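Down below is the structure, laid out as structure tokens.
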Amino acid sequence: MNNSSINAQISFPELVAIVKTLSNSEKQLLTEVLWDDNFPVFEEHQKLVQNRMEKAKRQPERMLNWDAVSKSLG
């Protein structure tokens with residue numbers, strides 16, 4: 001990986017344009033670096049997911065089979 005340093009203010013669309021010029025392997029590496037950061041998950045989102053999981057356990061008959069759903073969409 002290139003260890004160059006960049007100190008510039010660019011807009012988000014400019015950043016996207018730059019990322020699009022990267023090779024597939026560079027994009028993969030960038031994705032890994034970005035997702036490797038331990039960014040916080042908001043408590044509100046954690047509660048939402050927890051509530052949905054509890055509801056699914058209480059009413060499993062409401063759950064849909066993903067294979068069946070994906071076939072109906074395609």
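Gaussian network model of the chain, Cα springs within a sub-10 Å range: biggest mean-square fluctuation belongs to which of Glu44, Glu61, Glu32?
Glu61
Please get the size of the charge dipole for region 8-74, origin at its Cα centre, with Cβ charges of +1 on Lys and Arg and -1 on Asp and Glu, quoted in debye to the nearest 20.
Dipole about the Cα centre, nearest 20: 480 debye.
Counting helices only, and only those DSSP H runs with n ≥ 4, report the 222 nm mean residue ellipticity of the chain as the sum of -39,500 (n - 2.57) divided by its residues, in deg cm²/dmol to the nearest 500.
That calculation yields -19000 deg cm²/dmol at 222 nm.
Pairing the Cα long axis of helix 43-58 with the longest principal axis of the chain, what angle in degrees results, from 0 to 90 and rounded to the nearest 10?
Relative to the chain, helix 43-58 is tipped by roughly 30 degrees.
Lys and Arg at +1, Asp and Glu at -1: add these up for the other residues within a Cβ distance under 14 Å of Leu34 and post the number.
-3
Quickly work out the Asp67-to-Asn7 label distance, labels modelled 7 Å from Cα along the C-beta direction, and quote it in nm with one decimal.
With each label placed 7 Å out from Cα toward Cβ, I get 5.7 nm.
Dipole of the chain (Lys/Arg Cβ +1, Asp/Glu Cβ -1, origin at the Cα centre): which of Phe42, Trp66, Val16 lies farthest to the positive side?
Trp66
Taken together, the values in this text are just the output of simple stated rules run on the coordinates, not laboratory data. Everything numeric here is computed off the predicted structure, so don't read it as measured data. Note that we place each Cβ from the backbone using ideal geometry, even for glycine, and neighbour counts take in every protein chain shown.
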